[in-house]
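For reference, the structure is listed below as structure tokens.
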Amino acid sequence: MDVTDLDRDPLRQLDEWFEAARAAGDPMPEAMCLATASRDGEPSARYVLMRGRDEGVVFFTDYGSEKARDIEQNPKAAVVLHWYVPVHRQVRISGTVLKTTAEESDRYWLSRPAASRRSAVASYQSSVVATRDELEAAVAALGDSEPERPGRWGGYRIIPAVVEFWEEQPFRLHDRIRFLREGVGWRVERLAP
Ligand SMILES: Cc1cc2nc3c(=O)[nH]c(=O)nc-3n(C[C@H](O)[C@H](O)[C@H](O)COP(=O)(O)O)c2cc1C
């Protein structure tokens with residue numbers, strides 16, 4: 001893999017690798033590990049699903065969750081995606097996090113099955129619950145309603161400052177190409193594996 005093999009726009013390149021993984025049968029190519037840090041630098045990581053790729057990568061969550069608390073204190077995050085097919089690849093992205101608009105969050109909310117929407121309403125993500133029964137009772141109390149999006153649920157968009165493409169090569173001499181945002185464009189450089 002050489003710099004000239006990659007799109008000049010790293011988000012278009014991400015799209016290309018993502019679609020290649022999906023076409024090759026990866027069961028969940030949109031899974032990305034999201035790292036955040038609190039104001040005092042305490043890190044934490046968890047998987048979320050990439051639900052949009054445009055000028056950034058978008059995921060949806062509960063704005064009351066631990067990750068959201070980190071993002072409110074420190075609006076920077078990193079994600080990493082990893083695929084074995086069609087080639088062993090990794091993409092790392094880091095940048096600034098912005099909330100999606102209410103319209104965007106509404107659109108995604110309405111695309112989810114009603115049962116998933118009820119679970120999101122009943123579950124205050126990352127809060128402590130005494131038992132599973134308690135959660136199930138909260139969901140049951142919503143009957144078969146089609147709840148509106150609660151204000152505490154919505155999306156975030158990570159606007160990349162750095163994007164790195166990694167591809168496996170024989171005997172550890174892997175390819176790493178890093179894009180660094182520079183003005184309206186990107187500086188591109190190769191890194192030692
Ligand atoms: C593959 C996978 C995808 C997930 N996708 C999401 C997601 O898109 N949004 C979300 O809020 N949690 C998602 N989760 C659950 C999170 O990993 C995590 O448990 C939850 O968001 C609470 O994290 P927090 O307490 O650090 O905020 C996913 C978990 C897995 C394993």
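Using the Kirkwood formula over every pair of different C-alpha atoms, what hydrodynamic radius in Å results for the range 3-190? Don't skip to the answer; put the middle values down first.
Numbers: mean 1/r = 0.0551 Å⁻¹.
Taking every pair of different Cα atoms in the range 3-190, averaging 1/r and inverting gives 18.2 Å.
Calculate what fraction, in whole %, of the accessible area of the range 3-190 sits on carbon and sulfur atoms when a 1.4 Å probe is rolled over the protein chains.
Working: 5510 of 10500 Å².
Its accessible area is 52 percent carbon and sulfur atoms.
Can you list the residues, at least 5 places off or on another chain, whose amide H is less than 5 Å from the amide H of T100, using H built in the peptide plane?
The answer is G155, Y156, R157.
Can you compute the charge dipole magnitude of the range 106-151 about its Cα centre, using +1 on each Lys and Arg Cβ and -1 on each Asp and Glu Cβ, nothing else charged? Give it in debye, rounded to the nearest 20.
Charge dipole, the range 106-151, about its Cα centre: 220 debye, nearest 20.
Along the range 96-107, what does the Karplus equation 6.51 cos²θ - 1.76 cosθ + 1.60 (θ = phi - 60°) give for ³J(HN,Hα), rounded to whole Hz, x for Gly and Pro?
9, 10, 10, 6, 6, 5, 4, 5, 5, 5, 4, 4
So, for the range 1-106, what is the accessible surface per residue at a probe of 1.4 Å, expressed in square angstrom?
Values: 5460 Å² over 106 residues.
The answer is 51 Å² per residue.
Does anything in the range 55-84 have its amide N under 17 Å from the 7 Å Cα→Cβ label point of E134, and if so which residues?
Residues passing the 17 Å test: 65-66.
With an 8 Å Cα cut-off and a minimum separation of 6 or more residues, compute the relative contact order for the range 51-155 in percent.
Result for the range 51-155 is 35 percent.
Return the sequence-ordered ³J(HN,Hα) values of the range 58-63 in whole Hz as given by the Karplus equation 6.51 cos²θ - 1.76 cosθ + 1.60 applied to θ = phi - 60°, using x for Gly and Pro.
Residue by residue, the range 58-63 yields 10, 9, 10, 6, 9, 5 Hz.
Using +1 at the C-beta of Lys and Arg and -1 at the C-beta of Asp and Glu, which of S126, T36, W83 has the Cα lying farthest in the positive direction of the dipole of the chain?
So the residue furthest toward the plus end is T36.
The values are calculated or read from the model by the stated rules, or taken from the named source; none is laboratory data. In this text the structure is predicted, and so the values were computed from the model without any measurement. For neighbour counting, all protein chains shown are included, and Cβ atoms are generated from backbone atoms with ideal geometry for every residue, glycine included. Just so you know, the surface numbers come from the protein's heavy atoms only, side chains and all, with ligands and any DNA or RNA stripped out. Shrake-Rupley method; radii C 1.70, N 1.55, O 1.52, S 1.80 Å.
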